Amino acid sequence: MRRISRKKRSTLANRAIAASAALILGGGGLVAVNVYASAGEGPSGSSPPTRTQNAGSQLSTIDCPEAVNGLPDVPDEARGEVDRELAAMDTQITDAYQQFADRKEQIARDPGLAENAVLGPLRSKRTASLDRIGIAIGRVGERPTGLESLAGCSLRADDSRGGNGGGRGDGNGGRGNGGPGDGGQDDGQDQDQGQNQGQDGGQGQDPGGQDPGQGQDPGQGLDPGQDQGQGGNGPVAADFVDIQSVQPGVDRPRQRRGASRGTFTTDCGRNENGKFNPDNVIVAPGVSNGAHHMHDYIGNQANDAFASDDDLANGATTCRNQGDRSTYYWPVLRLQNGQDEDDVNADGGGRDQNVGEIQTPSQVTLKFVGSPVGRVTAMPRFLRIITGDAKAFTNGDANANASWSCTGFEDRQLTDKYPICPEGSQVVRTFAFQNCWDGQNTDSANHRTHVAFAQENGRCPNGFRAVPQLVQRIVYDVPPGPGFAVDSFPEQLHKPITDHGDFINVFDDRLMKKMVRCINDGRRCR
């Protein structure tokens, strides 16, 4: 889908999230099914789920192990087939989630139906896909064993009942050094040349210094357990918090002698031309609707599921400097105002539980910053970086990197809550991408291990080298209140922690060299 029409904002946009009891089972009654109430990393990580036999009205989604995390190194020759099979498994979860949603009242009356009609068939399909993945890897290397352990899925409770809006679980050695609160804003708030990043070195500290989600009613009287936007698919009132109740807590890492203090800003617009599609050429190349949610695209206009490196190298760009043909994309943000878009009956849109009026950002800033401890080296052309985790609600926060705030309050960052901004303040999404590269690969089998975040001391892990760090700041002028959400996989319930960004470097060599010189010389360049 190349373009989605924009409709005039309705006055209904000022209403709170539309009340819906969809996906909430039994009206507070008890449902005796195998559901776990608080996943952590659940079956996708090392921590086992906590099971409960009385999930009641919280039962709301399907949780499956992230299969890519359980695979050994995938040979290059098998990656295409493996990626397609992994994308098929995402579709299987989407289909099973729809079966669950369509039969929620029956499941409430007959809990055995969940296993017979939803989880059992899903497990069979996943087993077959995992077997095909094993065969594909075995053709060119040693066939992995034990993949069948990744087949089983569970019903999952929505445990976002208040909770912590600030914690940042890491799992990647700390968040980078040019993160939330910076983004290169051009409104007089440029903070320390892009070095304002609250790091925690993977310790999961709360940069807000408090638990802003407890004991509040952010939804203007909405019942957090019953009222859901996105056509009954989330978010809930408990997913929002008043930014003014969050304590400031973004730290600036100390810059050391030899730090690369410069910045390079590229202007690629705000997707004013309306390029959208539900593909993801990084994780699901060759698969239409591989993301199951709609993306905004700026920069390279050739990006879709089937784009090759040559296509991207020759694609048109919305970037002012034509030497930047990089592609920058992220899930769209929608208003929950009852307005439909052209994708209401399309893949990635209404068919995948993503409804509402797509918002064009009021501002997008793309700034590349340096390292607080040394010089940076050039990124290789076609380097692919994903930051954040589109499945963080069920996967846990090991790879989550969502940062939500409001203009005028960007020293207060939220990871698992959407902000309610005061009148005159706008919603801000900030992505600080990984800033260390392994020096060899432009991608990896899980699309993560070839890049990393700097450690707490600002240095890259052993074997990695510092590269310019992309800090992406996206601002939206939306009505005050909880009536918005990002697109997501259906089973992720539009949770704010699932926010993520994608980047493919298609700078030409000349402009990349200029970027590196500017950053290392301490200059500000465009």
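If VAL467 satisfies all but one of (1) under 19 Å from the mean Cα position of the chain (by Cα); (2) buried (at least 21 other Cβ atoms within 10 Å of the Cβ); (3) aliphatic (A, V, I, L, M), what's the number of the condition it fails?
(1)
Here is a list: ASN277, ASN289, ASN300. Which entry is within 30 Å of ALA445 (Cα to Cα), touching a strand residue (DSSP E or B) at 6+ places or on another chain (Cβ under 9 Å), touching a residue at least 60 places away in the same chain (Cβ under 8 Å) and open to solvent by 10 Å² or more (accessible area, probe 1.4 Å)?
On inspection, the qualifying residue turns out to be ASN289.
What are the residues in the stretch 273-328 that are part of a strand (DSSP E or B) and in contact with a Ser or Thr (Cβ under 7 Å, 6 or more places away or on another chain), if any?
TYR297, ILE298, GLY299, ASN300, ASP324
Which is acidic (Asp, Glu) and either closer than 17 Å to ALA390 by Cβ or surrounded by 19 or more Cβ atoms within 10 Å (Cβ to Cβ) (or both), of ASP110, ASP83?
Sole residue among the options that is acidic (Asp, Glu) and either closer than 17 Å to ALA390 by Cβ or surrounded by 19 or more Cβ atoms within 10 Å (Cβ to Cβ) (or both): ASP83.
Restricting attention to the stretch 377-394, and to residues there that are open to solvent by less than 30 Å² (accessible area, probe 1.4 Å), β-branched (Val, Ile, Thr) and farther than 9 Å from THR442 by Cα, which single residue is modelled with the lowest pLDDT?
Ranking the candidates gives THR394 first.
Got at least one residue in the stretch 468-481 being assigned to a strand (DSSP E or B) and hydroxyl-bearing (Ser, Thr, Tyr)?
yes
From the list ALA454, ALA485, which residue is part of a loop (DSSP other than H, G, I, E, B), in contact (Cβ under 8 Å) with a residue 12 or more places away in the chain, crowded, with 24+ Cβ neighbours inside 10 Å and aliphatic (A, V, I, L, M)?
ALA454
From the residues in the stretch 417-451 that are assigned to a loop (DSSP other than H, G, I, E, B) and β-branched (Val, Ile, Thr), which one is least open to solvent (accessible area, probe 1.4 Å)?
That would be THR442.
In the stretch 501-526, how many residues are of a type in the set (Lys, Arg) and outside any helix (DSSP H, G or I)?
Total satisfying the criteria: 3.
Quick test for you: out of GLU66, GLU105, GLU77, pick the one residue that is under 19 Å from VAL287 (Cα atoms), of a type in the set (D, E, K, R) and surrounded by fewer than 20 Cβ atoms within 10 Å (Cβ to Cβ).
Sole residue among the options that is under 19 Å from VAL287 (Cα atoms), of a type in the set (D, E, K, R) and surrounded by fewer than 20 Cβ atoms within 10 Å (Cβ to Cβ): GLU77.
Got at least one residue in the stretch 390-398 being free of Cβ contacts under 8 Å to residues at least 60 places away in the same chain and part of a loop (DSSP other than H, G, I, E, B)?
Taking every residue of the stretch 390-398 in turn, none turns out to be free of Cβ contacts under 8 Å to residues at least 60 places away in the same chain and part of a loop (DSSP other than H, G, I, E, B).
Of everything in the stretch 401-414, what is under 22 Å from VAL236 (Cβ atoms), open to solvent by less than 10 Å² (accessible area, probe 1.4 Å) and assigned to a loop (DSSP other than H, G, I, E, B)? Give them in sequence order.
ALA402, SER403, GLN413
Across the stretch 303-325, what is the number of residues that are buried (at least 21 other Cβ atoms within 10 Å of the Cβ) and not polar (S, T, N, Q)?
4
Any chance you could count how many residues in the stretch 42-94 are modelled with pLDDT of 90 or more and in a helix (DSSP H, G or I)?
Result for the stretch 42-94: 23.
Given GLY338, GLY374, GLY348, which one is assigned to a loop (DSSP other than H, G, I, E, B) and open to solvent by less than 10 Å² (accessible area, probe 1.4 Å)?
The match here is GLY348.
The values are calculated or read from the model by the stated rules, or taken from the named source; none is laboratory data. No experiment lies behind these values; they were computed from the predicted model shown. Note that each Cβ is placed from the backbone with ideal geometry, even for glycine, and that neighbours are counted across all protein chains shown. Each accessible area value is taken on the protein alone, full model and side chains, heavy atoms only, with ligands, DNA and RNA left out. Shrake-Rupley method; radii C 1.70, N 1.55, O 1.52, S 1.80 Å.
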